[in-house]
Amino acid sequence: MIEARNLHCQFEDHTIFKNLNVEIPAGKVTSILGPNGAGKSTLLACLCGSRTPEEGDVYLNGTPIQEFSLTELAQKRAVLSQSSVINFPFTAKEIVMMGRNPFSNDHNEQKDEEIVNKVLHQIDAYPLKDRVYPTLSGGEQQRIQLARVFAQLWQQPNACLFLDEPTSALDLKHQHQILQLTRDLAEEQGFTVCIVMHDLNLVKIYSDQVILLKNETESIAGDVLDALTQENIAHIFDVPISLVKQSYASN
Amino acid sequence: MTTLTKQALFASRWLNHKSSWLLLLLCVLLIAMVIAMSIGAVSIPILSLLQGNITEQQAAVLSSIRIPRVCIAAIVGAALAISGAAMQGLFRNPLADPGLIGIASGAALAVALMIVLMGPFEGVWNLYALSVAAFVGGLITCWVIFHFAQLTGTFSVTYMLLAGIAINALTNSGTGFLMYISNDQQLRSLTFWTMGSLGGALWPAVLVACTIVIPCTLVLIRNARELNIMLLGENEARHLGVNSERLKRTIIICTALTVGVAVAVSGIIGFLGLIVPHLVRLLIGPDHRLLIPASAIFGAALLVTADTFARTVVNPAEMPVGILTSLIGGPFFLWLLYKQYAGRFGM
């Protein structure tokens, strides 16, 4: 579970958000939505501990996040950032294997290898394992990075998963497959899942909760069904829309 | 099969694969060193060298000239190659090279300052003093370039290379000015030394270089796993538990030290740091746990060979080996640029 109280972030003179309170419960999928520049990625960076907010506190499972060491934190939470460039000819499998770094002191390379193989099968990327990463397509690279993140938290209790636009380069089939997998992690293993996403349909199908950011002071949070209403969306994104699709949570 | 034996099997397979490459490269290095020892103004046939069947004169040539020279070539080659490998990891781009981005010329400027303004120290301490000066010069330029490369927030190769051009121009003008104001004797040693030569190699140089390069290599190998992860990006590395600030500091200091000592004992020998890690990567992949030791060995073999050529090809005179490495390195760099453009080799 992640809790943030009175968050205040700014870049030089520009305030990104202030007095923001966020609660991301365990065992559920929470999506962060908002127009460009509303501070979604900044919020994600604060929540996962890679950015220290100007004011306010972030708690991971009840403990202030800055009290964890880098390794402790890496064993509890994983982050998928937006695409990163790798200029060296690592194989896809080597990249996924890097996800096991926080556990490298266990010196159990065979176990790590098994985990990596399982994850690769799970996300349907096993055939890519010996391909050279920089030669993969954008979507394939994104799936390998996801595999790395999943491998990092493999069967960790109370883990937190942060994904920044995880489906931006994926085809339709893999978008649903990845988000379904993420949901399963939340439901079956009690992961705390936090996703930044733009696709309202996917948000509606796969999340339990949403956090809508509009600008530095305005935000709306709540259950998908309560918060993702026509009026709220129109207000946050400044576009008139009408909703037609049923939600996952309503089934 | 029990887990334990399976584990042992896995470990031994990995080790075998790994050590076989290192062994092969080690053999190449040994052969290169033996050949280098046998060739020269006084020829010593390889067979009699291996049998120990040599005259007193040959023995004297070997112990006071040729062996220290071959040793220093090997150490400097290893130093340049690992600093190249480490730089490329740090800058997350295979185009980084301590010579290309100005670290070597920064170190050279510091050494030139030392020679012209401070005058020589006594014996071994002279070399240590030059090494320290070179280290400080290398450290400062490395730090400056690193910050320029990060100006845009993400790592920019363009900024790295452009900052390197500026630094190279600046330090070269500094060195040029020092040459201008230096006296005849200083000028001679400066000129010879900036071209990159192993001509002055003596046992003290071997000692100084060993005591700096070997510890640095070990430190880099210890950090190799984390250096791999840094290639994902600095934020990603932190998310995976890597203390990126500490790692960057370690890499920068080790690189400045190894480049510093290489520059102090042999001047600027260009492009080795670019070529060697690249070739090793083609052979055994980009994993730094293997890349760094393999680069060290291969770099040593390459510079021993290049130096043998440099001192025999225009016999009885001697060509600075830096000229030779740049002659090969320049076109190689252009080829790399082309490849990067063509998007092959995953670059």
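Values in this text are rule-based calculations from the coordinates and carry no lab data. The model shown is predicted, which means the values in this text are computed figures rather than measured ones. All Cβ positions, glycine included, derive from the backbone under ideal geometry; neighbour counts span all protein chains shown.
Per residue, what volume in Å³ does the convex hull of the Cα atoms of chain A enclose? Mind showing how you got there, number by number?
Numbers: hull volume 33.4 nm³, N = 251.
Hull volume over Cα atoms, normalised by residue count, gives 133 Å³.
Rounded to the nearest 0.05, what FRET efficiency do residue B:157 and residue B:177 give with R0 = 35 Å and r taken as the Cβ-Cβ distance? Could you check? Don't skip to the end; give the middle numbers.
Numbers: r = 30 Å, r/R0 = 0.87.
So the FRET efficiency works out to roughly 0.70.
Note on region A:44-171: with charges restricted to the Cβ of Lys and Arg (+1) and Asp and Glu (-1), its dipole about the Cα centre is near 280 debye. For the residue pairs A:28/A:204; A:129/B:339; A:28/A:93; A:111/A:173; A:93/B:248, the alpha carbons lie more than 20 Å apart in A:129/B:339; A:28/A:93; A:111/A:173; A:93/B:248. Quote the relative contact order of region A:35-151 in percent (integer), defining contacts as alpha-carbon pairs under 8 Å separated by 6+ residues. With pairs under 8 Å counted, the relative contact order is 29 percent.
For chain A, what does -39500 (n - 2.57) per DSSP helix run (n ≥ 4), summed and divided by total residues, give at 222 nm, in deg cm²/dmol to the nearest 500?
Details: 9 runs with 88 residues, N = 251.
Theoretical 222 nm ellipticity from helices: -10000 deg cm²/dmol.
Computed on the Cα trace of region B:85-148, the radius of gyration divided by the Kirkwood hydrodynamic radius gives Rg/Rh = 1.08. Hey, what angle do you get for helix A:138-152 against the long axis of chain A, alpha-carbon based, 0 to 90 degrees rounded to 10? Between helix and principal axis, roughly 80 degrees.
Considering only DSSP beta bridges whose two residues both sit in the protein assembly as shown, what percent are antiparallel, to the nearest 5? Write down the numbers at each step before the final one.
Details: 20 of 37 bridges.
If we restrict to bridges inside the protein assembly as shown, about 55 percent are antiparallel.
Counting only DSSP beta bridges with both residues in chain A, what percent are antiparallel, rounded to the nearest 5?
On the way: 20 of 37 bridges.
In chain A, approximately 55 percent of DSSP beta bridges are antiparallel ones.
Taking only DSSP H segments of four or more residues, each worth -39500 (n - 2.57), what value at 222 nm results for chain B once the sum is divided by all its residues, to the nearest 500 deg cm²/dmol? Walk me through the numbers before you get to the answer.
Working: 15 runs with 262 residues, N = 347.
For chain B, the value works out to -25500 deg cm²/dmol.
For region B:41-116, what does the alpha-carbon gyration tensor say about shape, rounded, prolate or oblate, given a ≥ b ≥ c as the root eigenvalues, a/c under 1.5 as rounded, and a/b over b/c as prolate? Oblate. Each label was represented as a point 7 Å from its Cα along the Cα-to-Cβ direction; for residue B:166 and residue A:201 these points are 4.9 nm apart.
Label reach from residue B:203 (point 7 Å along Cα→C-beta): in region B:29-47, amide nitrogens under 19 Å belong to B:37. For region A:77-99, list residues with backbone N below 20 Å from a point placed 7 Å from the Cα of residue A:59 toward its Cβ? Within reach of a label on residue A:59, which here means backbone N under 20 Å from a point 7 Å along Cα→Cβ, region A:77-99 contributes A:77. Counting beta carbons within 10 Å around each of B:288, A:14 and listing the fewest first gives the order A:14, B:288.
Semi-axes of the equivalent ellipsoid for region A:144-251, please: Cα gyration tensor eigenvalues, times 5, square-rooted, ordered largest first, whole Å. Mind showing how you got there, number by number?
Details: eigenvalues 130, 45, 39 Å².
Its equivalent ellipsoid spans semi-axes of 25, 15, 14 Å.
Of the DSSP H helices in chain B, those with a Cα length along their own long axis of 30 Å or more and a mean Kyte-Doolittle hydropathy reaching 1.0 comprise B:3-38, B:67-90, B:123-149, B:157-181, B:244-266, B:321-342.
What FRET efficiency would be calculated for the residue pair residue A:105, residue B:218, taking the C-beta separation as r and a Förster radius of 22 Å, to the nearest 0.05? About 0.65, to the nearest 0.05. Residue B:23 to residue A:168: FRET efficiency via 1/(1 + (r/R0)^6), r the Cβ-Cβ distance, R0 45 Å, to the nearest 0.05? After rounding to 0.05, the efficiency reads 0.45. Mean partner shielding of peptide A:79-92, defined as the number of other chain Cβ atoms within 10 Å of each residue Cβ, is 6.
Note on the protein assembly as shown: dipole from Cβ charges, positive end direction compared against B:20, A:44, B:258; the farthest Cα belongs to B:20. Comparing B:191, B:258, B:308 in a Gaussian network model of chain B, where Cα atoms under 10 Å apart are tied by springs, the biggest mean-square fluctuation is seen for B:191.
With +1 on the Cβ of every Lys and Arg and -1 on the Cβ of every Asp and Glu, and nothing else charged, how large is the dipole of the protein assembly as shown about its Cα centre, in debye rounded to the nearest 20?
It works out to roughly 1700 debye.
Taking the Cα centre of region A:10-117 as the origin, how large is its charge dipole in debye, to the nearest 20, when only Lys and Arg (+1) and Asp and Glu (-1) carry charge on their Cβ atoms?
That gives a dipole near 340 debye.
Selection among B:231, B:274, B:206 by position relative to the dipole of chain B gives B:231 as farthest towards the positive end (Cβ unit charges, Cα centre). Could you work out, for the protein assembly as shown, what percent of all Cα-Cα pairs fall into each 10 Å distance bin, beginning at 0 Å and stopping at the bin that holds the largest distance? Distribution as computed: 3, 15, 23, 21, 16, 11, 7, 3, 1, 0 percent. Fully extending the segment from residue A:241 to residue A:19 would add 77.0 nm, taking 0.36 nm per residue of separation and subtracting the current Cα-Cα distance. Working note: Debye formula, equal point scatterers on the alpha-carbon atoms of region B:22-78, no solvent; log10 I(q)/I(0) at q = 0.12 Å⁻¹ is -0.28. Comparing mean-square fluctuations of A:232, A:108, A:117 from a GNM of chain A with C-alpha springs under 10 Å, the top value falls on A:108.
For region B:105-256, the Kirkwood hydrodynamic radius comes to 17.4 Å, computed from all pairs of different C-alpha atoms. Between region B:232-246 and region A:143-203, the alpha-carbon centres lie 21 Å apart. Taking every alpha-carbon pair under 8 Å whose residues sit at least 6 apart, chain A reaches a relative contact order of 28 percent. In this structure, the amide hydrogen of residue A:221, modeled 1.01 Å from its nitrogen in the peptide plane, lies closer than 5 angstrom to those of A:212, counting only residues at least 5 positions away or on a different chain. Hey, in the GNM for chain B with a 10 angstrom Cα cutoff, which one of B:277, B:204, B:98 fluctuates hardest? Judging by the Gaussian network model, the answer is B:204.
Hey, what did chain B get for relative contact order, percent, Cα under 8 Å, at least 6 apart? RCO, chain B: 30 percent.
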